[in-house]
Amino acid sequence: MNKKLGALALLGASAVVLAGCSGGSSSGSSDGTPAPAELRVWLVGTDTPRDARDHLTKTFEEENPGSTLVIEEQQWTGLVDKLTTSLSSNDSPDIVEMGNTQAAAFTSSGALLDISDIQDKLGGDDLLPGFVEAGSWDGKLFAAPYYSGARVVFYNTTQYQTTGVSVPTTLDEYVANGEKIATALPGVSGVYFPGKDWYNALPFIWENGGDIAVQKDGKWDAQLSSDASIKGIEQVQQLMTKASLAPKDGDETEAWVPFRTEKAATLSAPSWAYWSIVADEDKQPTALADTLGYFALPGKDGGAAKVFAGGSNLGIAAKSAHPDLAKSALEIMLSDDYQEILAKGGLVPAKVSLGKDVAAATPELAKIIADAAANAKLTPASPKWADVEAKGLLQDFFVKVAQGGDVKSLATELDTQIESILNG
């Protein structure tokens, strides 16, 4: 599971469950109207704003006379196990929200209802493509996008001007800029890139035409040792060894600290990091408050690169006692009105067309965030992907890359490990 989007952290997993009461049914009346029922909603953490919660409850109860909706807040710790147990019980929840990298574990297990029949009502082609992919299995949609968070590149405008560097338009320029700044400003990272930060490494692989793993003939074929992936990993190694002074065995936690103290000129981070960059823990303005710029990580041939995005998906439990009511609630949560509330709370909406409305310091930053989210790519949609993350295989791999290890041999070894897990 990815870290939650900053204070949302890179983004990681959350869960919303609308659970039917034990017993009961939604057989409904002769005109097809679902029978009234009580739906319990599990919201994990505090990401979903109070206004959104109130809107969901009020709208659902207005649209479904006699039915009620109760929200129960859950904790992140142990969430996957709790969802696994709940979805298989006779008192199964109705709608569940899961982290985007966790979705495959539920979409592929028969735990969720096929919601392809209402995909158009939920947003259709307007839904975030990467999250649709994460929530799909065998060509069917089981978990719709809920919200996202995107990575953007922050930079120190003064340091860029001092070193004669301009905002890059290609990935090659981005790498070259990092090296140039590091050479011109001793003690400063041209690009802050700690060894364990695999989230920021993935775009280099994807932009060069590579991938982590793809399905072939019913099996997963790891791709990190492919020629295309190697080109991207070599760019990562170039940045880590020649442009970054970040710890080779360090992670991206609080990477904004060296950046906001001008020990780094460039930082790729979740959009929420903006607030930690311009103000310190005491909410006092930092050195970057007036000299901060931002741009979308450029692609190999220009435009915005495919970046990793955190966030979550929503699905209806296969064992839901009230599937029709659950669909009604899901449609509310994907409605423009509800998604606009999420956008105002700083979350990237599930719909591409609403991305421009995400709360940000400036309209320019809001557009960069929206464009990045719309172009996001996720990890392999395998129910066993969580095992790869749990073993820290990618972190260990990129630490060795940062330490100057042979990219080809390391990638070949990692491919073998990934295939063993995904095909095991």
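Structural remarks
- Expected-Rg normalisation [2.2 N^0.38 Å, Cα atoms] applied to region 238-364: 1.38
- Between helix 198-207 and the chain: long-axis angle, C-alpha atoms, 0 to 90°, nearest 10: 80 degrees
- Sequence-distant residues sharing a close amide H with residue 316 (under 5 Å, placed H): 96, 113
- Other-chain or far-sequence residues with amide H under 5 Å of residue 43's (modelled H): 17, 72, 73, 74
- Taking every C-alpha pair closer than 8 Å and separated by at least 6 residues, the mean separation divided by the residue count of the chain gives a relative contact order of 25 percent.
- Multiplying the residue separation of residue 62 and residue 356 by 0.36 nm and removing their Cα-Cα distance gives an extension gain of 102.9 nm.
- Rough spin-label spacing in nm, given labels placed 7 Å along Cα→Cβ, for residue 384 and residue 241: 3.3 nm
- Rel. contact order, % - alpha carbon contacts under 8 angstrom, at least six apart, region 179-226: 20 percent
- Accessible surface of the chain, 1.4 Å probe, proportion on carbon and sulfur as whole %: 48 percent
- Cross-link pairs beyond the 26 Å C-alpha cut-off, checked among 351/391; 306/356; 216/367; 82/351; 367/408; 248/344: 351/391; 216/367; 82/351; 367/408; 248/344
- Note on residue 167/residue 275: beta-carbon distance plugged into 1/(1 + (r/R0)^6) with R0 of 22 Å gives a FRET efficiency of 0.50.
- Converting phi to 3J(HN,Hα) with the Karplus coefficients 6.51, -1.76 and 1.60 and the offset θ = phi - 60°, region 411-424 yields 5, 5, 5, 5, 4, 4, 5, 5, 4, 4, 6, 5, 9, x Hz in sequence order, with x at every glycine or proline.
- Two-site label geometry, residue 157 and residue 263: point separation in nm, points 7 Å out along Cα→Cβ: 2.5 nm
- Tail fraction, Cα-Cα pairs, the chain, threshold 31 Å, whole percent: 40 percent
- Region 199-260: relative contact order in percent, alpha carbon pairs under 8 Å with at least 6 residues between: 28 percent
- Additional length obtainable on full extension of the chain from residue 90 to residue 38, 0.36 nm per residue less Cα span: 17.1 nm
- Counting only aspartates and glutamates at least 8 places from residue 283 when in the same chain, those with an alpha carbon closer than 16 Å to its own are 254.
- Proximal aspartates and glutamates relative to residue 242, as straight alpha-carbon distance under 20 Å, when same-chain residues fewer than 8 apart are discounted: 172, 173, 179, 197, 234, 251, 252, 262, 396, 406
- Gain upon complete extension [residue 219, residue 81; 0.36 nm per residue less C-alpha separation]: 47.1 nm
- For the chain, accessible area per residue (1.4 Å probe, heavy atoms of protein chains only), Å²: 40 Å²
The values are calculated or read from the model by the stated rules, or taken from the named source; none is laboratory data. Remember, it's a predicted structure, so these values are computed and weren't measured experimentally. Note that each Cβ is placed from the backbone with ideal geometry, even for glycine, and that neighbours are counted across all protein chains shown. To get the accessible areas, we keep the full protein, side chains included, count just its heavy atoms, and leave off ligands, DNA and RNA. Shrake-Rupley method; radii C 1.70, N 1.55, O 1.52, S 1.80 Å.
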